[in-house]
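Report on the structure given below.
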Amino acid sequence: MTHIALTAINRRTFLRASGAALALPLLDAMRPAFGQTAEAPRRMLCICTNLGVLERHFFPAEIGRGYALTPYLEAIKDHRDQFTVVSGSSHGEVTGGHSAEVTFLTAAPHPGTASFRNSISLDQFAAERIGHLTRVSALPLVVSKAGNQSLSFTSSGVMLPAERSPAQVFKALFVAGDAAAVQKQVEQLRTGRSILDAVADRAAALQKQVGSSDRERLDQYFTSVREVERRLLIAEEWERKPKPKVDAPPLKDGEYLLEKLGAMYDLAHLAFATDSTRLATLFIKLDGFSEHIPGVGSESHNLSHHVGREDKLRELKNLELAEFQQLNALLTKLHSSQEGGSTLLERTQVLYGSNLGNGNNHDTKNLPILLAGGGFKHGQHLAFDKTNNEPLPNLFVSMLQRLGIETDKFASSKGTLKGLKMA
């Protein structure tokens, strides 16, 4: 097998044809672009679902390793040794119920008050130090009914608007050329022609020139590209179809929450696989969603205020369980993607949690927190005092250090997270 010359493939390499350009994943043949001895990049995705998570279905009863899986953790059981559950942590001075959404990654005290001023978010703190290494310094995303609320805030406390259109993010990351060429490629996508079709000859030539591990990596990547395109085309097709007229009272507007969420996870996976960015956030703003999930018939925010009603609790469990199933799909894709002798999951920290510990009463203590991947020793439940919570920013410091950022302080941290060790 003849390998392509090592100096011929740059980390920024694209496959180009007819105005379309497709970024490549990080291949072994690109390693010299990082330096002969440099290790593969480390990355971070921070996810916040804004209405809390039912404690009884998330937190294990046992502490440490060997705990019995709860219903939500059962949904991601294939990755049991690749995630850590954290209980008894929070932002000490964050109050204000729903207003705490803006402080999930900042820990700025007392949101919602007249004197509140936000501070820098975890992703932007990292972006100031490593964001220059990629085309996109950090990628804020949101799944919502409307608006572009974000988890990302600058050092002066200004929110960076999130991207809410998977199609627009995909075009921004993976379609290049002048306006006419881009529009032509978009139209071709709408008629079923993949970007991969436009660069097929060059892709085939590249696959013949690289080693077997790179060929497998390219196959996985191209499959992911086609899957994202398929999702986007389906979503756009529904947007263009006229709505039928019915002689009946208005029903609740049905929005496809899980499809939106799946598309965003696919985009994050592609962005990491191509090294387009190493930092991303996803805010899952559930308010207003009434999803087509078996066993769910009520609006999400209403369900979060269940006041102990068993019928609402059953619906809420089904909704949150579906979210964890989507998370499992993301973790599986990251685990299946090879990079530098390891997997994308081993190189990518995935933080999943909520700004509310209890959505029913707006409690901001005992937040549901899960950390997957990223090169830590996982497979455990780290339980801290439920009355005097561990500062969540301690986990943030551990995450920053795992990214290679030299810091021992972030927001209200008092060190790193006890019990969380690097692999």
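Derivation of every value follows stated rules applied to the coordinates shown; laboratory data play no part. Owing to the predicted nature of the structure, the values given are computational and were not obtained by experimental measurement. FYI the Cβ positions are ideal-geometry reconstructions off the backbone, even for glycines, and counts take in every protein chain you see.
General observations
- Near the amide H of residue 339, within less than 5 Å, lie the amide hydrogens of 344, all on another chain or at least 5 residues away, with H placed in the peptide plane.
- In terms of surrounding Cβ atoms within a 10 Å radius of their Cβ, 414, 260 rank from fewest to most as 414, 260.
- A straight line joining the Cα centroids of region 132-153 and region 347-423 runs 21 Å.
- Table column - 3J(HN,Hα) (Hz), region 266-278, Karplus curve with 6.51, -1.76, 1.60, x for Gly and Pro: 4, 5, 4, 4, 5, 4, 6, 4, 8, 6, 6, 8, 10
- Shape class of region 295-397 from the alpha-carbon gyration tensor: oblate, with a/c at 1.5 or above and b/c at least as large as a/b.
- Going from the fewest other Cβ atoms within 10 Å to the most, the residues 334, 319 appear in the order 319, 334.
- Given 260/312; 377/409; 333/409; 285/418; 285/365; 145/333, the pairs whose alpha carbons are separated by over 28 Å: 333/409; 285/418
- Computed from backbone phi, the HN-Hα couplings of region 132-148 come to 5, 7, 10, 4, 9, 5, 7, 10, x, 10, 8, 10, 7, 6, 7, x, 10 Hz, rounded to whole numbers (Karplus: 6.51 cos²θ - 1.76 cosθ + 1.60, θ = phi - 60°; Gly and Pro given as x).
- Per-residue Cβ neighbour rank within 10 angstrom, fewest leading, 370, 122, 286: 370, 286, 122
- Amide H contacts of residue 153 (H built 1.01 Å from N, in plane; Pro and chain starts excluded): 121, 124, 160 sit under 5 Å, all sequence-distant by 5 or more or on other chains.
- Amide H contacts under 5 Å for residue 369, placed H, 5+ residues apart: 86
- Residues in region 337-353 carry Karplus couplings, in order, of 9, 7, 7, x, x, 9, 10, 4, 5, 5, 9, 10, 7, 10, 9, 10, x Hz; the curve used is 6.51 cos²θ - 1.76 cosθ + 1.60 with θ = phi - 60°, and Gly or Pro positions show x.
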